[in-house]
Amino acid sequence: MRIILAALACACVPLTAAQGQVSQNVYGEVGYTRVSFDDVGYNTAGGRLGLNINDLFGVEGEAFFGVGEETTTVMGVDVDSSLNYTAGLYGTVRTGLGDATEIIGRLGYATAEVEASVMGAGVSGSDDAIAGGVGVRHYIGGGAFGVRGDITYADYDGGESTSYAITLVRRF
């Protein structure tokens with residue numbers, strides 16, 4: 001996966017040079033994500049930091065932290081679990097729908113850590129995945145502030161996850 005991300009970064013360098021300058025499109029986001037692993041869903045809060053390298057490509061990193069705990073029943077036994085964090089690094093591609101709205105696609109690497117306890121015994125584990133998603137970002141009045149909604153799918157070794165995010169955006 002690191003090789004794929006390094007290749008993506010190297011591929012973007014010539015595109016930036018061809019443009020003659022790097023776009024000044026650094027952005028930050030804070031918000032909420034609902035992460036679902038199979039039959040268990042977790043609420044998270046966190047943020048993203050990104051750079052639009054040129055008019056088409058960019059990179060972004062994210063970190064979201066679990067809020068609360070979920071209880072599920074497995075074979076008649078209650079299992080308490082919590083999502084400690086999810087984090088990711090993505091290459092992005094985007095296209096505009098007018099001056100204020102963008103459709104975003106992203107592909108990259110994600111990691112997550114979950115804790116669980118059954119009848120007082122606890123265990124935790126983390127897993128890595130290739131992840132991809134799509135979203136829409138709209139800047140209010142075409143200005144510096146906006147909102148973004150997206151969905152991301154991750155294929156972990158221990159299962160699959162789907163994340164639905166809504167974030168507030170500030171571009172610099």
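Brief remarks on what is shown
- Positive minus negative residues near A63 (Lys, Arg vs Asp, Glu; Cβ under 14 Å): -3
- Taking E62, E160, E102, E115 and counting other C-beta atoms within 10 Å, the order from fewest to most: E160, E115, E102, E62
- Most mobile listed residue (S81, S117, S126) in the chain, GNM with C-alpha springs under 10 Å: S117
- For E69 and V136, a Förster radius of 35 Å and the Cβ-Cβ distance give a FRET efficiency of 0.65, rounded to the nearest 0.05.
- Shown here: Cα extents along the principal axes in Å, derived from the displayed model; of the candidates (i) 114, 38, 26; (ii) 63, 29, 26; (iii) 61, 37, 20, it corresponds to (iii).
- 12 Å beta-carbon shell around L168, net charge (K/R +1, D/E -1): +4
- Each Lys or Arg adds one and each Asp or Glu takes one away; over the other residues whose Cβ falls under 11 Å from the Cβ of G105, this sums to 0.
- Charge dipole (debye, nearest 20) of the range 39-172; +1 at Cβ of Lys and Arg, -1 at Cβ of Asp and Glu: 820
- Each Cα pair under 8 Å and six or more residues apart adds its sequence gap; the mean of these over the residue count of the range 67-172 is a relative contact order of 19 percent.
- Rounded to whole numbers, the Karplus 3J(HN,Hα) couplings from phi for the range 98-111 are x, 7, 10, 10, 10, 9, 10, x, 8, 9, x, 10, 9, 9 Hz, using 6.51 cos²θ - 1.76 cosθ + 1.60 with θ = phi - 60°, and x at Gly and Pro.
Rule-based calculations on the coordinates, nothing more; no lab input. Source: prediction; values computed, not measured. Every residue, glycine among them, receives a Cβ derived from its backbone with ideal geometry; neighbour counts consider all protein chains shown.
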